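Presented below is the structure to which this report refers.
Nothing in this text is a laboratory measurement; each read-out follows from the coordinates by a stated rule. Everything numeric in this text was worked out from a predicted model, so none of it was measured. Positions of Cβ are backbone-derived with ideal geometry, glycine not excepted, and every protein chain shown enters the neighbour counts.
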Amino acid sequence: MVERLSDEARSRALKELPGWSPVAGREAITRTFTFRDFNEAFGFMTRVALVAEKSDHHPEWRNVYRTVEVVLATHDAGGVTERDIRLAEAMNTIAGQRGGI
Ligand SMILES: C[C@H](O)[C@H](O)[C@H]1CNC2=NC(N)=NC(=O)C2=N1
């Protein structure tokens, strides 16, 4: 079972994650991605879904047209873990490649 990161470790990790910030009132991290259009947004979600399924670590997310609002936490650990940090990094990489703005 993975350990939740301390407040300090979480802040340190967030500094290395462009666009991500803490969620108020909950141990989780969030980023809203904006794409050129729905096709780009859904393409991003499709690619992320494959990574999520492969690693058995899944996002909470909401798509409205060309935006994707993501919240990451590890429910089993009651906070943010290395698994969330890794998924956030993967999302940033995938969004970059797909022209996320
Ligand atoms: C049984 C299965 O491993 C768990 O339910 C996994 C699945 N995906 C998950 N994803 C996320 N984000 N947090 C979890 O705690 C989690 N748990």
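Some values worked out for this structure:
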| quantity | calculated |
| --- | --- |
| Condition check for GLU27: under 13 Å from MET91 (Cβ atoms), within 15 Å of the ligand (Cβ to nearest atom) and out of contact with any helix residue (DSSP H, G or I) (no Cβ under 6 Å at 6 or more places or on another chain) | no |
| Single match in THR46, THR93, THR74, THR67 (criterion: polar (S, T, N, Q) and within 16 Å of the ligand (Cβ to nearest atom)) | THR74 |
| Positions within the range 20-54 being in contact (Cβ under 8 Å) with a residue 24 or more places away in the chain and within 19 Å of LEU5 (Cα to Cα), in sequence order | TRP20, VAL23, ARG26, GLU27, ALA28, ILE29, THR30, ARG31 |
